[in-house]
Structures are given as C-alpha cells and as structure tokens.
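Below: the structure, in structure tokens.
The values are calculated or read from the model by the stated rules, or taken from the named source; none is laboratory data. Just so you know, these numbers come straight off a predicted model, no measurement behind them. Cβ sites come from the backbone with ideal geometry, for glycine too, and all protein chains shown count toward neighbours.
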Amino acid sequence: MGKPNQGRRTLLLTGASRGIGHATVQRFADRGWRVITCARHAFPEACPWEAGLHDHIQVDLCDQEATVAALPRIRERLGGRLDALVNNAGISPKTPEGGRLNTIETDLATWEQVFQVNFFACVILARGLIDELAAARGAVVNVTSIAGAKVHPFAGAAYATSKAALGALTREMAFDFGPLGVRVNAIAPGEVETDILSPGSRKIAEKLPLQRLGRPEEVAEAVYFLCSGRASYISGAEIEVNGAQHV
C-alpha cells in the first residue's frame, strides 16, 4: 500500500462491480488511471483492471460508522492526493413482487438505508477526502438519476428523493469545494442496459426520442469527461444522460 505512481492520476469509485460502475472503471483504466474501488463485497477476481484486488477496499456503505471508519484505509491508499471521486453506488429496493415502493408503503428503515447509501455515503467520502481532492485539484462526480426529477414507474420513492437530494448536494458542494480548486458535478442516467434493468424499461426506451436503451459505456464516457481537463470550467452541473427522456 501507499502512494500512487508519480504522475499517474487516481480514481476512487463506489459501486464498481457491474453496470455503469464497471464500465466507468474500464474507461479510466484504459486511459492509464489508477483505480481504487469501494464496495460491500470482496473484490471479484474476474474483474479486468490492473491491481484491482490490491486497490479494492471492502466497506459496507449501508453502515455509516463503517464508512467513516474506512476513511483512514482509503487515505493510506491514496498517498495524499485524489484526482477523481465518483459516487456511483446506489440501492433501489422493490416490493416483494418487484414493484415500486411508494411513499405510503416504504418503511422508515428502508428510507434510512437508501439515504445512507445513496446520499450520506457521498457526503462522508467527499468531506472525508477533501484534503486529497484539494491537493490534486480534483473532481467529484455524483451519479443521480432521472428519477430525481420526475416520478418514475419503477424507481421507488426513497430512491427518487435520495437522488434529488444528491443533485442538490452537488450544487452545494460545487459552491463549497470550488475555492479549493475542486469541481463537483453530477450525471443523471435514464434507462441503461445493465444486469439490474427493471422489467418494462425496454418499453419506456421505445418511446424515447432516441428510441433505445443507453449503454453503460456511454454513461462512463460522460463521467470520464467531467473528471478530465476538458471539463476544467464545468462545476455545479447535472448532465442528463438519458436519450432525451427528461424533455
């Protein structure tokens, strides 16, 4: 453990094992970044990026105390600087039949769990690693959702409100972190082809202006752009990556 290679940029990403997170790790790794991942599960040996097993930190983001306790381990891996933090991990519980949990049916424990992973973990990591981000004049990207701006047929109420709160947090962080040279933005994906695609999403996609599902690599490209020097004057933005689903 210890300092990253001299001159090599470092990404810390939550929720890397599948879908958008997996594609994002591959995109950054292909461009020569060092990638450090955080997840509840142990590192899957089949994942392709260099030093993945060594640069994986197992932490349950559902547990606020465990997330805070993981910060010293993360800092040790970073060696004083962090070029990009991508808060991608998120959960969206369903009914036993796989349906949408609305505001009436969602119990308080579920609200708390969803907000801990989708919102508070983002606060803990960004604030806890602010010195490393400032040292690199780095970037934060929060992964929100189209569900944060409009009622979605499959995304539950707790998920939707947590993502709306994350969008607001992005603006607040951009204001607070900006004087340190740290940019903070968000991306809001819509219907994306992943292993956890909800039944019926394909029907939604057929009615979109682009008339198709998004691909994880298309979302990953937007994340990469926001973390790159090409986006050096973009901060406080939430970019829609949803085939015009939001219009």
statement: Checked against (1) among the hydrophobic types (A, V, I, L, M, F, W, C); (2) within 30 Å of Val247 (Cα to Cα); (3) in contact with a Phe, Trp or Tyr (Cβ under 8 Å, 6 or more places away or on another chain); (4) modelled with pLDDT of 95 or more, Leu133 satisfies every condition except (2)
message: Suppose we keep only residues that are free of Cβ contacts under 8 Å to residues at least 24 places away in the same chain and aliphatic (A, V, I, L, M) within region 139-195. Which one would you say is nearest to Val123 (Cα to Cα)?
response: Ala168
message: Which pairs turn up if I take residues in region 93-122 that are at negative phi and surrounded by fewer than 19 Cβ atoms within 10 Å (Cβ to Cβ) and look for partners that are of a type in the set (Phe, Trp, Tyr) and modelled with pLDDT of 90 or more with beta carbon separation below 9 Å, at least 6 apart in sequence or on another chain?
response: Pro93/Tyr159
- prompt: What pairs come up if the first residue lies in region 21-41 and is without any contact (Cβ under 8 Å) to a residue 24 or more places away in the chain, the second is surrounded by 21 or more Cβ atoms within 10 Å (Cβ to Cβ), and their beta carbons are under 6 Å apart, counting only those six or more places apart or on different chains?
  reply: Ala29/Val35
query: If you take the residues in region 38-61 that are in a loop (DSSP other than H, G, I, E, B) and either of a type in the set (A, V, I, L, M) or at pLDDT 95 or above (or both), which one is farthest from Leu133 (Cα to Cα)?
result: Ala46
- request: Report whether or not Pro93 is under 24 Å from Thr37 (Cα atoms), out of contact with any strand residue (DSSP E or B) (no Cβ under 8 Å at 6 or more places or on another chain) and assigned to a loop (DSSP other than H, G, I, E, B).
  value: yes
- prompt: Does Leu82 fit the bill of being under 22 Å from Thr144 (Cβ atoms) and either out of contact with any strand residue (DSSP E or B) (no Cβ under 9 Å at 6 or more places or on another chain) or crowded, with 17+ Cβ neighbours inside 10 Å (or both)?
  reply: yes
message: With the structure loaded, tell me whether Ser145 is touching a Lys or Arg at 6+ places or on another chain (Cβ under 7 Å) and under 25 Å from Ala244 (Cα atoms) or whether it fails that test.
response: yes
